[in-house]
Amino acid sequence: MNRIIFFIILLGLTSINLSAQKISVDRIEEDGSHQIMTNTMDFYVGERIYSFGMKVFETTHSNNWLLLISSKFNISNNCKVLFKLGNGEILYIPVNNVHIGKIKKPAYGVTIGNITTFHPETEIEHYSSVYELSETDMDKIDTHGIKKIRISNGSEIRDKTYTNNPLGKFLTRCRKIIKKRMENPITPKNLFDDF
């Protein structure tokens, strides 16, 4: 009995660790700005999976906060996102930039009875989009949470209503860990230090 309880606790801690938010990019760009980005998390919107994350470009004059949304499903250059907040307010966020790349879908086989069908490795398109967020918008998300999201790519609309604000909580945590890193930046090590 104790082994079963121990295994359940270990499994729970492992799943918490796998979904833990962290900084995935922390670098100085060629223009001197400091880019900090979080890892992403998948959310269903209209029965499709979209990965959400956040980044900031920090300069001496301003901080440019960006919402990141990526998917293997089409995100067009005229994509628009609506957030309905917990207080009923609607945030309208048009796309700033879309990048279309290629990712490899691994080969796999499906066995039914004595017959195995093999599907070879293929390349599929992967869409990455960026949306500007103001400090005011992020304060509203932190305070009221996100009750509903709508993503429109110009030809179709996808909605998702949330009951316990998982997307809003995720974005709030992203902002907190980015701000914490901005307040306590990592000092880059010189190539020749301690060599």
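The values are calculated or read from the model by the stated rules, or taken from the named source; none is laboratory data. Just so we're clear, the structure is a prediction, and the values are computed from it rather than from any experiment. Glycine gets a Cβ as well: all are built from the backbone with ideal geometry, and neighbour counts include every protein chain shown. Note: areas computed on protein heavy atoms with side chains; ligands, DNA, RNA excluded. Shrake-Rupley method; radii C 1.70, N 1.55, O 1.52, S 1.80 Å.
General observations
- The listed residue being under 16 Å from Ile93 (Cα atoms) and in contact with a Ser or Thr (Cβ under 7 Å, 6 or more places away or on another chain), out of Ile141, Ile149: Ile141
- Of the criteria (1) under 30 Å from Gly101 (Cβ atoms); (2) open to solvent by less than 100 Å² (accessible area, probe 1.4 Å), which one Asn190 fails: (1)
- Residue selected from the stretch 136-172 under the condition open to solvent by 70 Å² or more (accessible area, probe 1.4 Å) and touching a strand residue (DSSP E or B) at 6+ places or on another chain (Cβ under 7 Å), by the criterion farthest from Asn78 (Cα to Cα): His144
- One residue stands out among those in the stretch 1-57 that are of a type in the set (D, E, K, R) and at pLDDT below 90: the one that is surrounded by the most Cβ atoms within 10 Å (Cβ to Cβ), which is Asp26.
- Evaluated against (1) under 19 Å from Lys148 (Cβ atoms); (2) open to solvent by 50 Å² or more (accessible area, probe 1.4 Å), Gly113 falls short on exactly one condition, (1).
- Only one of the numbered conditions (1) without any contact (Cβ under 8 Å) to a residue 60 or more places away in the chain; (2) in contact with a helix residue (DSSP H, G or I) (Cβ under 8 Å, 6 or more places away or on another chain) is violated by Leu171, and that is (1).
- Residues in the stretch 121-149 that are more than 16 Å from the chain's Cα centre (by Cα), touching a residue at least 24 places away in the same chain (Cβ under 8 Å) and part of a strand (DSSP E or B): Ile124, Glu125, Lys147, Lys148.
- Check on Ile100, open to solvent by 80 Å² or more (accessible area, probe 1.4 Å), under 19 Å from Val81 (Cβ atoms) and in contact with an Asp or Glu (Cβ under 9 Å, 6 or more places away or on another chain): yes
- Within the stretch 173-187, considering residues that are part of a loop (DSSP other than H, G, I, E, B) and exposed (fewer than 11 other Cβ atoms within 10 Å of the Cβ), the one modelled with the highest pLDDT: Asn184
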